[in-house]
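The values are calculated or read from the model by the stated rules, or taken from the named source; none is laboratory data. Everything quoted here is computed from the prediction, not taken from an experiment. Cβ atoms come from the backbone with ideal geometry, glycine included; neighbour counts cover every protein chain shown.
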Amino acid sequence: MENRIKIDKTEPNAYQAMLGLEGYINATDLAQDLKHIIKIRSSQINGCAFCIQMHTDEARKQGETDQRMHAIAAWKESPLFSELERMVLAVTEEITLISKRGLSKETYNKALDVLGENRLAQCIMQVVTINAWNRIALATNMVHE
């Protein structure tokens, strides 16, 4: 894989802004397991090996099982996810695949009922943030060590 720029070195202010988003996400009351499944699912969709490796490692350290992490890719058919997790995964997919149709009215309304305004806003921001990180990692050929 060719070497490319390192955003944190080339544009440290931009990188610090991204870390500011991470700081906000970390301070929210969105459950850690939900944050993990958002990061993993978005990274799977975007094909970001760096982020998949990093976030599955983090999730495993915090008690997530390999069985559930493997099932995230097929969550619609898996019995391993709660109604709340399914809602978060639906929101994650629709926002990550924004060019297909965006966050549908149906999914948005169900998510609002299940999550409430604040947790839905936090969920959206987590999806937006991991999608930005995926794009940075893919554009710069980042490798997880």
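A compact table of results
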quantity: Pair list, Cβ < 7 Å and 6+ apart or interchain, from the range 62-87 residues that are more than 16 Å from K39 (Cα to Cα) to residues that are surrounded by 11 or more Cβ atoms within 10 Å (Cβ to Cβ) and of a type outside the set (A, V, I, L, M); calculated: L80/R68
quantity: So A121, is it within 13 Å of the chain's Cα centre (by Cα), surrounded by fewer than 16 Cβ atoms within 10 Å (Cβ to Cβ) and assigned to a helix (DSSP H, G or I); calculated: no
quantity: I38 being buried (at least 21 other Cβ atoms within 10 Å of the Cβ), over 29 Å from E11 (Cβ atoms) and within 14 Å of the chain's Cα centre (by Cα); calculated: no
quantity: Residue in the range 100-111 that is within 19 Å of I25 (Cβ to Cβ), out of contact with any Leu (no Cβ under 7 Å at 6 or more places or on another chain) and part of a loop (DSSP other than H, G, I, E, B) present; calculated: yes
quantity: Flag if I95 is of a type in the set (V, I, T), buried (at least 16 other Cβ atoms within 10 Å of the Cβ) and touching a Leu at 6+ places or on another chain (Cβ under 6 Å); calculated: yes
quantity: Subset of the range 23-56 [over 13 Å from H70 (Cα atoms), among the charged types (D, E, K, R) and modelled with pLDDT of 95 or more]; calculated: D33, K35, K39
quantity: Enumeration of residues in the range 1-28 that are surrounded by 12 or more Cβ atoms within 10 Å (Cβ to Cβ) and β-branched (V, I, T); calculated: I7, I25, T28
quantity: Residues of the range 5-56 that turn out to be hydroxyl-bearing (S, T, Y), out of contact with any helix residue (DSSP H, G or I) (no Cβ under 6 Å at 6 or more places or on another chain) and farther than 21 Å from H144 by Cα, as a count; calculated: 1
quantity: Residues being touching a residue at least 40 places away in the same chain (Cβ under 8 Å) and in a loop (DSSP other than H, G, I, E, B) - total across the range 1-31; calculated: 9
quantity: Any hit, the range 73-93, residues being of a type in the set (A, V, I, L, M), farther than 25 Å from D8 by Cβ and in contact with a His (Cβ under 9 Å, 6 or more places away or on another chain); calculated: no
quantity: Among (1) farther than 23 Å from L115 by Cβ; (2) part of a helix (DSSP H, G or I); (3) hydrophobic (A, V, I, L, M, F, W, C), the one test that V91 misses; calculated: (1)
quantity: Matching residues in the range 48-69 - criterion: being surrounded by fewer than 19 Cβ atoms within 10 Å (Cβ to Cβ) and either under 14 Å from I136 (Cβ atoms) or in contact with a strand residue (DSSP E or B) (Cβ under 7 Å, 6 or more places away or on another chain) (or both); calculated: A49
